[in-house]
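Have a look at the structure below, then the notes.
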Amino acid sequence: MTPPAAALRDPENLPHSRAEHDRMANAIRALAMDAVEQAKSGHPGLPMGAADVATVLFTKFLKFDPSDPKWPDRDRFVLSAGHGSMLVYALLYLLGSESMTIDQLKRFRQLGSLTPGHPENFETPGIETTTGPLGQGLGNAVGMAIAERHLAAEFGDIVDHHTYVLASDGDLMEGISQEAIALAGHLKLNRLIVLFDDNGISIDGPLSLADSVDQVKRFEAAGWNASRIDGHDPQAIERAIDSAHASDKPTMIACRTTIGFGAPTKAGTAGSHGSPLGADEIKGAREKLGWSSAPFEVPADILQGWRAAGQRSKSVRKAWEERLASLPVERRGEFARRHNGDLPLGLGDVVRRFKQDLANAPKEIATRIASQNALEALTAAVPEMIGGSADLTGSNNTRPKGMKAMSAADYSGRFIHYGIREHGMAAAMNGMALHRGVIPYSGTFLVFADYCRPAIRLAALMGERVIHVMTHDSIGLGEDGPTHQPVEHLAALRAIPNLLVFRPCDTVETMECWQLALENKDSPSVLALTRQNLPQLRTTYDEENRCAAGAYEISPADGKADVSLFATGSEVAIVIDAQKLLKGRGIAARVVSVPCFELLESADGATRKAVIGSAKVNVAVEAAVRQGWDAIIGSDGVFVGMHGFGASAPYNDLYRHFGITPEKVAEAALSKLGN
Ligand SMILES: Cc1ncc(C[n+]2csc(CCOP(=O)(O)OP(=O)(O)O)c2C)c(N)n1
Ligand SMILES: [Mg+2]
């Protein structure tokens, strides 16, 4: 059980008077002004405006331990409006986070500091997620709240915390916010509390230039509890958060604030949003706020008040440790394993059995079906895998038989019907992964990777293990036509650093790619899978995960190869047929399957060289654009693939129409050889 909020309020050490509250909030304001001024860049407006809201939240409600920012049962705080980063840096310093020293605040936005321009969870202890692209943090928070409820259903009261979000006008204007709040409202995530910094100002000026949404009504329509308060009234803030705790729905509190609060001429204007206030304005603000300390100095009694607030959760933490210790030892071990992100020991056996069965009874099926089969085995062995689909469950094949759906009535379900909300899904998955304890995987069509891309990019930046199953991966999907046929998506995804893009060629490779996606703890993955059936090309059992090298010779040449044929996914079978045609013409060709460019790229030079080989002619075949392939085949290599958008027709007709056939591949190789 969550202790009543009152248990986290220590009357000895907390500001009860308005004057004390104001001085504590002003410490945030002063540090934000000073750091932005010193850096000569940054955003003072949000920290100054939201300082009252943050002071109430962090001194009276938030459950956390500054000495252990990774404590599993801490409340999560997400600053969705990442431009206000100085707000969290100031809070971390004031509350006594070990690493956040005053020197770090002085080095705001400098190379190697713990205080980058926007919050980066991989740089700064105590930052829950990387924010800046507006709306993403809110989406992450929905995922955190999902993970919390799911793990509470599984582990009971050792998982019992809230997720708080500070969101700005921009966060709520972004389309992703609609997907996020609709999902949260539907799932009745009542541990999710959004504090909306309702200041009516964005970069261009007053919000009225571009927006007239009633956010309270909008959230209510999505199934939230929503209210409007004065965001500079500590009692109103406290009351609103108290009632959020009592709600059976998620809560949005629109906190009416003044951006740049305290700045004599710039408060309430876009002028305080994103640039240093300047010496005169800062002087005026110090006077107005009654803050006489020098830059970066916090009076001892105020610092002491904040530091005491930092210790508030001590007894709650101790009680949690006791509850954890009272669990049976294997449950404790399981909780720790999942929280650390370690895979269960039996995974290797599951993969081995699966591959052995395939060697005994090869299967000619689509890789999306192969993925379903892999998931039947993997999800049984890896209970932390949480599946889902953006309303394409039957097409993506991401729901193993018997996997229960998650709902507001039963959070123990492991399959999420995300609805037609790819962007919200991808952002929520990031939040689930960041929460720890679950491994989210999703489903949609590869062409809609574009609808997930901003969140996938952040997963890659953060190094989070989220796995996107993206089916219908080329013109091979056929009749739905060019709107649904990805051509540039593989290249676009491969361009994202630290994202593993897998395109397996058969049922064996599909399992191997799944294994790699799970084992690569610090990278997100995309599995690009076919709609159409493919032959099983790997018919003998390999103990080794051959896809781990990123590329490997799947069909060697007879003797020294004149031609290297490279392909991925559905095109590997095509080049194997081309290899036979070339053999008939007396040309020795080898076939290299390239399930993952990124793993090939990260292999050592000698391995890479060996797999790329030194044949006279390199040919790459992929039903997509050429971009990216030159790194493998060289700029004088031959590419057989797509040069524009696809078309609507049965897929065999399309492959013929676009010239992606064994005959065309063989012809291209022969002509390059000068034959
Ligand atoms: C997706 C995205 N688009 C644009 C921006 C650039 N940007 C940063 S803050 C901001 C809007 C500022 O308004 P608001 O969110 O209300 O923040 P406030 O000025 O009140 O602090 C914009 C457009 C961004 N960070 N993310
Ligand atoms: Mg604003």
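The values are calculated or read from the model by the stated rules, or taken from the named source; none is laboratory data. Bear in mind that the values here come from a model prediction, so they are computed numbers and not experimental data. Don't worry about glycine lacking a Cβ; one is built from the backbone with ideal geometry, like all the others, and counts go over all protein chains shown. Side chains included, ligands, DNA and RNA excluded: accessible areas come from the protein's heavy atoms. Shrake-Rupley method; radii C 1.70, N 1.55, O 1.52, S 1.80 Å.
Values computed for the structure shown
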| read-out | value |
| --- | --- |
| Filter result for residue 61 (away from ligand 1 (no atom under 16 Å from the Cβ), open to solvent by less than 10 Å² (accessible area, probe 1.4 Å) and of a type in the set (Phe, Trp, Tyr)) | yes |
| Search result, residues across the stretch 186-213 that are over 10 Å from residue 252 (Cβ atoms) and either in contact with a Phe, Trp or Tyr (Cβ under 8 Å, 6 or more places away or on another chain) or more than 16 Å from ligand 2 (Cβ to nearest atom) (or both) | 186, 187, 188, 189, 190, 191 |
| Candidate set: the stretch 231-259, residues that are within 16 Å of ligand 2 (Cβ to nearest atom) and free of Cβ contacts under 8 Å to residues at least 60 places away in the same chain; chosen: the one nearest to the chain's Cα centre (by Cα) | 254 |
| Condition check for residue 615: surrounded by fewer than 19 Cβ atoms within 10 Å (Cβ to Cβ) and out of contact with any Pro (no Cβ under 7 Å at 6 or more places or on another chain) | no |
| Enumerated helices (runs of 4 or more DSSP H) restricted to the stretch 362-449, each holding at least 2 residues that are farther than 25 Å from residue 176 by Cα and open to solvent by 10 Å² or more (accessible area, probe 1.4 Å) | 367-381 |
| Every pair of residues 6+ apart whose Cβ atoms lie under 9 Å, when the first sits in the stretch 532-554 and is among the acidic types (Asp, Glu) while the second is surrounded by fewer than 19 Cβ atoms within 10 Å (Cβ to Cβ) and modelled with pLDDT under 95 | none |
| Residue in the stretch 295-315 that is farther than 25 Å from residue 31 by Cα and either away from ligand 1 (no atom under 16 Å from the Cβ) or surrounded by 15 or more Cβ atoms within 10 Å (Cβ to Cβ) (or both) present | yes |
| Selection count, the stretch 388-417, where residues are closer than 21 Å to residue 374 by Cβ and among the hydroxyl-bearing types (Ser, Thr, Tyr) | 4 |
| Counted residues, the stretch 545-554 - those being crowded, with 24+ Cβ neighbours inside 10 Å and of a type in the set (Asp, Glu) | 0 |
| Count of the stretch 555-573 residues which are buried (at least 24 other Cβ atoms within 10 Å of the Cβ) and under 14 Å from residue 504 (Cα atoms) | 7 |
| Answer from 275, 326 - the residue that is hydroxyl-bearing (Ser, Thr, Tyr) and touching a residue at least 12 places away in the same chain (Cβ under 8 Å) | 275 |
| Every residue from the stretch 119-132 that is within 16 Å of ligand 2 (Cβ to nearest atom) and not hydroxyl-bearing (Ser, Thr, Tyr) | 132 |
| Any hit, the stretch 510-529, residues being of a type in the set (Phe, Trp, Tyr), open to solvent by 10 Å² or more (accessible area, probe 1.4 Å) and over 14 Å from residue 570 (Cα atoms) | no |
| Conditions (1) more than 22 Å from residue 471 (Cα to Cα); (2) under 26 Å from the mean Cα position of the chain (by Cα); (3) open to solvent by less than 60 Å² (accessible area, probe 1.4 Å); number of the one not met by residue 333 | (2) |
| Verdict on residue 134 being in a loop (DSSP other than H, G, I, E, B), within 14 Å of ligand 1 (Cβ to nearest atom) and either at pLDDT below 95 or among the hydrophobic types (A, V, I, L, M, F, W, C) (or both) | yes |
| Of all residues in the stretch 137-182 being within 16 Å of ligand 2 (Cβ to nearest atom) and in a helix (DSSP H, G or I), the one that is most open to solvent (accessible area, probe 1.4 Å) | 173 |
| Strands (runs of 3 or more DSSP E) enclosed by the stretch 186-290 - at least 1 residues per element that are within 16 Å of ligand 1 (Cβ to nearest atom) and open to solvent by less than 30 Å² (accessible area, probe 1.4 Å) | 192-198, 251-256 |
| Filter result (under 28 Å from the mean Cα position of the chain (by Cα) and of a type outside the set (S, T, N, Q)) within the stretch 186-200 | 186, 187, 188, 189, 191, 192, 193, 194, 195, 196, 197, 198 |
| Enumeration of residues in the stretch 574-610 that are in contact with a Cys (Cβ under 8 Å, 6 or more places away or on another chain) and either surrounded by fewer than 23 Cβ atoms within 10 Å (Cβ to Cβ) or of a type in the set (Val, Ile, Thr) (or both) | 599 |
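The rows are residues; the columns are (1) at pLDDT below 95; (2) open to solvent by less than 40 Å² (accessible area, probe 1.4 Å).
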position	(1), (2)
67	yes, no
70	no, no
110	no, no
119	no, yes
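Results for (1) closer than 26 Å to residue 340 by Cβ; (2) among the hydroxyl-bearing types (Ser, Thr, Tyr); (3) within 16 Å of ligand 1 (Cβ to nearest atom); (4) in contact (Cβ under 8 Å) with a residue 12 or more places away in the chain, shown as yes or no for each residue.
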| residue | (1), (2), (3), (4) |
| --- | --- |
| 51 | no, no, yes, yes |
| 55 | no, yes, no, yes |
| 69 | yes, no, no, yes |
| 80 | no, yes, yes, yes |
| 85 | no, yes, yes, yes |
| 102 | no, no, no, yes |
| 122 | yes, no, no, yes |
